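As structure tokens, the structure follows; a few thoughts come after it.
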Amino acid sequence: MNEADVKKLLKIGVLLSAERDLNRLLERILECVMDLASCDAGTLYLLDGGSLRFRIMRNRTLKTYSGADGVEPDLPPVPLSRESVCALAVLDDKTIRIEDVKHCAEYDLTGPIRYDAMTGYNTVSMLVVPMRNREGETIGVLQLINAMDEEGNICAFSDDMTLVLESVASQAAITLQNVRYIAEIKELFQSF
């Protein structure tokens, strides 16, 4: 990690602790993590029963961005099954790092490959990080796509960055949980 990355990491901590609006918090989490990881695309999913719901999506190359306005992206939820790498990260409670999606035999990556065929995008590297709260429960997933080197070339997510992003995902999950608690307390007081 260089000095600029350390500054980004410190900024993330300040931003996460200051935000109390859930939609803006989700947006900031994804933006900050994408900037820190120097990646082209990302998705933040939240666990809802037996599935992962798309909450925020961003793709800089395709210039797509949805979910920041509080309206969930118009995509079906991802069932918690072994056919999705995001769901697999939740089920196995582990971070999944893929260097080359099209040549990976370890995971079922038909979803990203199908997405590329539909949109013309080129998914190469992927990092899928479970977001765990203070009790160690997974409440969501961060999926990052196409890490970029200093020259703007697609590369793999580094081991060091993977560890940093696991830490940020955990901090983000705890902040999300706190924002939800505050909202529940406000609703309780309003009901009195």
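The values are calculated or read from the model by the stated rules, or taken from the named source; none is laboratory data. Remember, predicted model here, so these are calculated numbers, not experimental data. Note that we place each Cβ from the backbone using ideal geometry, even for glycine, and neighbour counts take in every protein chain shown. Accessible surface is based on the protein model in full, side chains and every heavy atom, while ligands, DNA and RNA are left aside. Shrake-Rupley method; radii C 1.70, N 1.55, O 1.52, S 1.80 Å.
Close amide H pairs (under 5 Å, H built 1.01 Å from N) link residue 56 with 44, residues at least 5 positions away or on another chain.
With viscosity set to 0.692 mPa s at 37 °C, what whole-number translational diffusion coefficient in µm²/s follows for the chain from Stokes-Einstein and a Kirkwood radius over Cα pairs? For these conditions, the coefficient is 193 µm²/s. Solvent-accessible surface of protein heavy atoms, probed at 1.4 angstrom with all chains present, puts 5, 48, 159, 149 in the order 159, 48, 149, 5, largest first.
With a/c under 1.5 counting as rounded, go ahead and sort the stretch 113-178 into rounded, prolate or oblate using the C-alpha gyration tensor (a ≥ b ≥ c being the square roots of the eigenvalues; past the cut-off, prolate if a/b is larger than b/c, else oblate).
oblate
When the residues 60, 114 are ordered by accessible surface, computed with a 1.4 Å probe over the protein chains alone, the sequence from largest down reads 114, 60.
Residues in the stretch 99-114 carry Karplus couplings, in order, of 7, 9, 4, 6, 10, 9, 9, 6, 10, 7, 10, 5, x, x, 5, 5 Hz; the curve used is 6.51 cos²θ - 1.76 cosθ + 1.60 with θ = phi - 60°, and Gly or Pro positions show x.
Between residue 4 and residue 23, what length in nm is gained on full extension when 0.36 nm per residue of separation is reduced by their alpha carbon distance?
Working: separation 19, 0.36 × 19 = 6.84 nm, distance 2.67 nm.
Here the answer is 4.2 nm.
Here is how the number arises for the chain: DSSP H runs of 4 or more residues each give -39500 (n - 2.57), the sum is divided by the residue count, and the result at 222 nm is -14000 deg cm²/dmol. Apply 1/(1 + (r/R0)^6) to the Cβ-Cβ distance of residue 148 and residue 93, taking R0 = 30 Å, and write down the FRET efficiency to the nearest 0.05. That gives a FRET efficiency of 0.60.
Does the stretch 70-119 classify as rounded, prolate or oblate by the C-alpha gyration tensor (a ≥ b ≥ c root eigenvalues; a/c under 1.5 gives rounded; else a/b over b/c gives prolate, otherwise oblate)? Cα axes put the stretch 70-119 in the oblate bin.
Can you figure out the FRET efficiency of residue 64 with residue 190, using R₀ = 25 Å and their beta-carbon distance, to the nearest 0.05?
On the way: r = 37 Å, r/R0 = 1.46.
My answer for the efficiency is 0.10.
Amide H contacts of residue 64: 59, each under 5 Å away and 5 or more positions distant or on a separate chain (H built 1.01 Å from N in the peptide plane; Pro and chain starts excluded). Residue-wise HN-Hα couplings along the stretch 63-68, as the Karplus relation 6.51 cos²θ - 1.76 cosθ + 1.60 with θ = phi - 60° gives them from phi, are 6, 10, 7, 9, x, 6 Hz; Gly and Pro carry x. Accessible surface calculations at 1.4 Å, restricted to protein heavy atoms, place the chain at 53 Å² per residue.
Using the per-residue mean of other Cβ atoms lying within 10 Å as a proxy for protection, in what order, highest first, do the peptides 168-174, 97-103 fall? Intermediate results must be reported in sequence, preceding the final value.
Values: 168-174: 21.4, 97-103: 15.4.
Going by the mean number of other Cβ atoms within 10 Å, highest first, we get 168-174, 97-103.
Which of these, 161, 118, 126, has the largest mean-square fluctuation under a Gaussian network model of the chain (Cα springs below 10 Å)? With Cα springs under 10 Å in the chain, the top fluctuation among 161, 118, 126 is at 118. The string of couplings for the stretch 73-89 from the Karplus curve (6.51, -1.76, 1.60, θ = phi - 60°) is x, 7, 10, x, x, 8, x, 6, 9, 6, 7, 10, 5, 5, 5, 4, 4 Hz, one whole number per residue in order, with x for Gly and Pro.
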